[in-house]
Amino acid sequence: QVQLVESGGGLVQPGGSLRLSCTASGSIRSIYRMGWYRQAPGVEREMVARVNSDGSTNYADSVKGRFTISRDTARNTLYLQMNSLKPEDTAVYYCYASNLGTYWGQGTQVTVSS
C-alpha cells in the first residue's frame, strides 16, 4: 500500500505560478512511476505529467514548456511546478504512484482566474 498526500493548490491569476507537492509513504521502495492527472468539471481525467524510474518524463502537449515535474526520492516527494498558468488549467489535480497497483491522492484544487 502507498499513501499519497497532496498540497499546494489554490487560486492564482492567469500568468501566475503554483507548485504542487505529493508526499508518499508506505510501500514506496517498489514505486516505478509517479505523476499527476487533472480533472475539470465535465471533462475526462487527463494525464498532465509523469516521471519514470529511469528519470525520464512525459508531459501532456497542453502543458509542455510551462509545467515541470520532479521527484525528490530523499523526501519521498513529487513536485509539479506550474508556470504561466491559464484559466484552462483550472482543475482538481491528482497525484498517483504505480508499483504492483496504482494509488491516488485525494486531489488538490487549482483555480486560475482573475
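The values are calculated or read from the model by the stated rules, or taken from the named source; none is laboratory data. Predicted model, so just to flag it, every value in this text is computed and none were measured. As a convention, Cβ positions derive from the backbone with ideal geometry for all residues, glycine included, and neighbour counts pool all protein chains shown. Side chains included, ligands, DNA and RNA excluded: accessible areas come from the protein's heavy atoms. Shrake-Rupley method; radii C 1.70, N 1.55, O 1.52, S 1.80 Å.
Tabulated data for the structure shown
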item: Residue 86 vs. criteria open to solvent by 60 Å² or more (accessible area, probe 1.4 Å) and free of Cβ contacts under 8 Å to residues at least 12 places away in the same chain; result: no
item: Residue in the range 65-73 that is within 22 Å of residue 10 (Cα to Cα), over 10 Å from the mean Cα position of the chain (by Cα) and part of a loop (DSSP other than H, G, I, E, B) present; result: yes
item: Residue that is surrounded by the most Cβ atoms within 10 Å (Cβ to Cβ) [pool: residues in the range 44-61 that are of a type in the set (Ser, Thr, Tyr) and assigned to a loop (DSSP other than H, G, I, E, B)]; result: 53
item: Hits in the range 62-77 (condition: among the hydrophobic types (A, V, I, L, M, F, W, C) and either closer than 15 Å to residue 33 by Cβ or open to solvent by less than 50 Å² (accessible area, probe 1.4 Å) (or both)); result: 63, 67, 69
item: Candidate set from the range 89-114 (those that are under 16 Å from residue 9 (Cβ atoms) and outside any strand (DSSP E or B)); member that is most open to solvent (accessible area, probe 1.4 Å); result: 106
item: Residue pairs meeting the criteria (Cβ under 6 Å; at least 6 apart or on separate chains; first more than 15 Å from residue 58 (Cα to Cα), in the range 33-46; second modelled with pLDDT of 95 or more and of a type in the set (Val, Ile, Thr)); result: 39/92
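Residue-by-condition table, conditions (1) of a type outside the set (Val, Ile, Thr); (2) under 16 Å from residue 6 (Cβ atoms):
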{"residue": "41", "(1), (2)": "yes, no"}
{"residue": "57", "(1), (2)": "no, no"}
{"residue": "60", "(1), (2)": "yes, no"}
{"residue": "65", "(1), (2)": "yes, no"}
{"residue": "72", "(1), (2)": "yes, yes"}
{"residue": "93", "(1), (2)": "yes, yes"}
{"residue": "97", "(1), (2)": "yes, yes"}
{"residue": "105", "(1), (2)": "yes, yes"}
{"residue": "113", "(1), (2)": "yes, no"}
